[in-house]
Amino acid sequence: MILVTGGAGYIGSHAVKELVKSGHRVVVLDNLSTGHRAAVDKKAIFCPGDLHDLKFIHDIFGEYPIELVMHFAAHSIVPQSMQEPLLSYRNLNCTINLLEAMLKAGVRKLVFSSTAAVYGEPLETPIPENHPLKPTNPYGQSKAWIEAILEQLHRANGLDYISLRYFNAAGADPEGELGEEHHPETHLIPIILKAALQGEEVSVFGSDYPTKDGTPVRDYIHVSDLISAHLLAMEALLQGRKQREIYNLGHQRGYSVLEVIDAARQVTGLDIPYRMADRRPGDPSTLVASSAKIKAELGWEPRYSDLQTIIATAWEWVRQHPRGYA
Ligand SMILES: NC(=O)c1ccc[n+]([C@@H]2O[C@H](COP(=O)([O-])OP(=O)(O)OC[C@H]3O[C@@H](n4cnc5c(N)ncnc54)[C@H](O)[C@@H]3O)[C@@H](O)[C@H]2O)c1
């Protein structure tokens, strides 16, 4: 059985759907702080509760024969964490509770949701996994510290783990059942598409970055491709082929904010107005992944991550669910 923390959230719900489809029994732990009950696959067992509650987590491991944990649950709203860093640092408490309960129950396999934000402003592009970690925001710092804890538990307690550093997750379930819904929404593609739907203006944060058009450049990776990487990581851990790895997950292509708006105009056929606003503190200028390592070692190949497909699937979700999961 697989425990998925944060399985009601954007990426976690896509993972649960794929795990169930591939025949796994799945337990979802989620406090619904940013997730949606309706996003959880009906064949999964849903345990509503909070990772701050150690007894609750112990009870789940006591009740279900968990073999491996996929740990998606986190506070990940970067602009909020710039104003209130403890929101991100509480991710440490939650993860330590989870790890404590795992070790006590003898569960020693974990796939962890890390982030490109651990790198900070890159010294080289595309960014390889051995690039120095210099996060520019508390969110990235919290994930870098968790990775350091995982490494120590690997040595001291035999915890086997794969940490997946996602670049910008985007897009929606190609079957149209799941999509991205956050309140507030801080991710570019859903912001653009909701603005397109509602005829509103998009704010572009920063126009003086050292990039091709002055707006930040990001590497967008389709959520379904992220999930296929999770399944490969899970199999490698369960079969004992891997004990401790860190992999980037990106498409190795960077798009500026203005290029994404332009692509969204092409997909939607709508004129999407925008205005320039100040930079957001903590945002690096360019984040583009080298994903050569996971391709070579686990045979991962993104299938949906060209920008048109990402935007088309996200647009389909937004059009079909203008009120999200409500
Ligand atoms: N979305 C991205 O582009 C991106 C990029 C890099 C890394 N990540 C990481 O991927 C993971 C999932 O991101 P997402 O975009 O799906 O976020 P999300 O907010 O949609 O999902 C997080 C889920 O965790 C749950 N949760 C949060 N705190 C909890 C707690 N204390 N106890 C129990 N449940 C809790 C929420 O209710 C939600 O369902 C996060 O760890 C995030 O840091 C996301």
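Readers should treat all values here as calculations from the given coordinates under stated rules, not as data from a laboratory. Keep in mind that what you see is a predicted model, and the values were worked out from it rather than measured. Cβ: placed from backbone, ideal geometry, glycine included. Neighbour counts: every protein chain shown.
Ranked for footprinting exposure by Cβ neighbours inside 10 Å, fewest first, TRP315, TRP300 give TRP300, TRP315.
On a 0 to 90 degree scale, rounded to 10, what angle separates helix 54-63 from the longest Cα axis of the chain? So the helix axis and the longest Cα principal axis differ by about 60 degrees. Residues whose amide H falls under 5 Å from that of TYR161, counting only those 5 or more places apart or on a different chain, are LEU110, ARG244, GLU245, with hydrogens built in the peptide plane. When you filter the GluC sites (Glu not before Pro) in the range 107-216 for DSSP loop state and at most 11 other Cβ atoms inside 10 Å of their Cβ, you are left with GLU124, GLU175, GLU201. In terms of surrounding Cβ atoms within a 10 Å radius of their Cβ, MET102, MET82, MET70 rank from fewest to most as MET82, MET102, MET70.
The magnitude of the dipole of the chain, with charges of +1 and -1 set on the Cβ of Lys/Arg and Asp/Glu and taken from the Cα centre, is near 600 debye.
Determine, from the Cβ-Cβ distance of HIS58 and GLN198 and an R0 of 41 Å, the FRET efficiency 1/(1 + (r/R0)^6), rounded to the nearest 0.05. The pair HIS58/GLN198 has a calculated efficiency of 0.35. Rounded to the nearest 20 debye, the dipole magnitude of the range 95-149 is 300 debye, with +1 charges on Lys and Arg beta carbons, -1 on Asp and Glu beta carbons, and the Cα centre as origin. Positive-end ranking of SER256, GLY324, TRP300 along the dipole of the range 237-326, with charges on Cβ about the Cα centre, is headed by TRP300. Taking every C-alpha pair closer than 8 Å and separated by at least 6 residues, the mean separation divided by the residue count of the range 94-155 gives a relative contact order of 29 percent. Ranking PRO216, ILE45, GLY7 by how far each Cα lies toward the positive end of the dipole of the chain (charges on Cβ) leaves ILE45 at the top.
Mean residue ellipticity, 222 nm, helices only, the chain: the sum of -39500 (n - 2.57) across DSSP H runs of n ≥ 4, divided by residue count and rounded to 500, is -12500 deg cm²/dmol. Here the contact order of the range 96-200, divided by its residue count and restricted to Cα pairs under 8 Å and six or more residues apart, works out to 27 percent. Over all pairs of different C-alpha atoms in the range 251-317, the reciprocal of the mean inverse distance, the Kirkwood hydrodynamic radius, equals 14.3 Å. Springs between Cα atoms under 10 Å define the GNM used for the chain, and in it the highest mean-square fluctuation of SER76, SER113, SER22 occurs at SER22. Principal-axis analysis of the Cα atoms of the chain puts helix 188-198 at an angle of about 60° to the longest axis. Taking ALA229, ALA172, ALA277 in turn, the Gaussian network model of the chain (Cα-Cα springs below 10 Å) assigns the largest fluctuation to ALA277. Under 5 Å from the amide H of HIS187 lies no amide H of any residue 5 or more positions distant or on a separate chain, with H modelled from the backbone and absent for Pro and chain starts.
Rounded to the nearest 10 degrees, the inclination of helix 257-268 to the longest alpha-carbon principal axis of the chain is 80 degrees. Within the range 33-75, whose backbone N sits under 18 Å from a point 7 Å along Cα→Cβ of GLU84? Residues 33-35, 50-53, 74-75 qualify, since their backbone N sits under 18 Å from the label point. Electrostatic bookkeeping for LEU287 treats Lys and Arg as +1 and Asp and Glu as -1; over the other residues with beta carbon under 11 Å from its beta carbon, the sum is -1. Of LYS109/LYS293; LYS42/LYS293; LYS17/LYS295; LYS194/LYS293; LYS42/LYS104, which pairs sit farther than 27 Å apart, going by alpha carbon to alpha carbon? Exceeds cut-off: LYS42/LYS293; LYS194/LYS293; LYS42/LYS104. Once the Cα-Cα distance is subtracted from the 0.36 nm per residue extended length, the ALA156 to GLU124 segment shows a gain of 8.2 nm.
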